[in-house]
Amino acid sequence: NPGNVGVPGSFYDNVEIDDLFTARGRLGVAIDNGLFYVTGGYASAEVSRTQALVFTNGNNFIASGSGRQDGWTYGAGFELAFWRNWSLTAEYLRVELDGESLTSSSALGLPQSLQTNADTDIDVLHTGLNYRF
């Protein structure tokens, strides 16, 4: 809370995910034409993050960084074969990537700095239409 230091202000956190890669296994139970399953494995993404602590007195802190973050993913889904080689799928994934540490200096040149450490967690709802060759 920026106001705790005695000067009104705001904190901003902007995160962009340029790509998301997962390598997962799945384990499930088939019932008739449906498959209920759980899934989990490795996750990686290219993450760009900018954080800013902006005060009304102009003593602002802005830090940014980008890079590949690795972590884990887990979730559950359902796949339904409905006609010949066609199936529909719906899946939820939770992606938890290792965080990054950002450091910035005072915009007014004061002997102050701001260091933050933030994890990147992503919730994904995936639906699809599949054709098996």
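The values are calculated or read from the model by the stated rules, or taken from the named source; none is laboratory data. What you see is a predicted model; the values in this text were computed from it and never measured. Neighbour counts are summed over all protein chains in view; Cβ atoms, including those assigned to glycine, are modelled from backbone coordinates with ideal geometry. What goes into the accessible areas is simple: the full protein's heavy atoms, side chains included, and nothing from ligands, DNA or RNA. Shrake-Rupley method; radii C 1.70, N 1.55, O 1.52, S 1.80 Å.
Converting phi to 3J(HN,Hα) with the Karplus coefficients 6.51, -1.76 and 1.60 and the offset θ = phi - 60°, region 71-81 yields x, 10, 9, 8, x, 8, x, 9, 10, 10, 7 Hz in sequence order, with x at every glycine or proline. In the chain, taking the dipole from charged Cβ atoms about the Cα centre, the farthest positive-side position among ILE17, GLN115, SER66 is held by ILE17.
Using the Karplus relation 6.51 cos²θ - 1.76 cosθ + 1.60 with θ = phi - 60°, the per-residue 3J(HN,Hα) values for region 56-62 come to 5, 8, x, 7, 9, 10, 10 Hz, with x marking Gly and Pro. A cut-off of 5 Å between modelled amide H atoms, ignoring neighbours fewer than 5 places along the same chain, links SER106 with GLN112. Note on TYR12: accessible area is roughly 130 Å² with a 1.4 Å probe, heavy atoms of protein only. So, with +1 on the Cβ of K and R and -1 on the Cβ of D and E, and no other charges, what is the size of the charge dipole of region 37-103 about its Cα centre, to the nearest 20 debye? Once rounded to the nearest 20, the dipole reads 140 debye.
Taking all protein chains into account, the per residue accessible area for the chain stands at 64 Å² (1.4 Å probe). Based on C-alpha pairs under 8 angstrom that are at least 6 apart in sequence, region 1-120 has a relative contact order of 22 percent. The phi-based Karplus calculation (6.51 cos²θ - 1.76 cosθ + 1.60; θ = phi - 60°) puts the 3J(HN,Hα) values of region 8-13 at x, x, 9, 10, 10, 9 Hz, whole numbers, x for Gly and Pro. Full extension of the segment from SER48 to LEU27, taken as 0.36 nm per residue of separation minus the current Cα-Cα distance, would add 4.3 nm. Using Cβ point charges alone (K and R +1, D and E -1), the dipole size of the chain about the Cα centre works out to roughly 220 debye. Accessible surface ranking for SER44, SER105, 1.4 angstrom probe, highest first: SER105, SER44. Taking every pair of alpha-carbon atoms in region 64-122, give the share separated by more than 20 Å as a whole percent. Value for region 64-122 (Cα pairs over 20 Å): 56 percent. Once the mean of 1/r is taken over each pair of separate Cα atoms and inverted, the chain shows a Kirkwood hydrodynamic radius of 17.8 Å.
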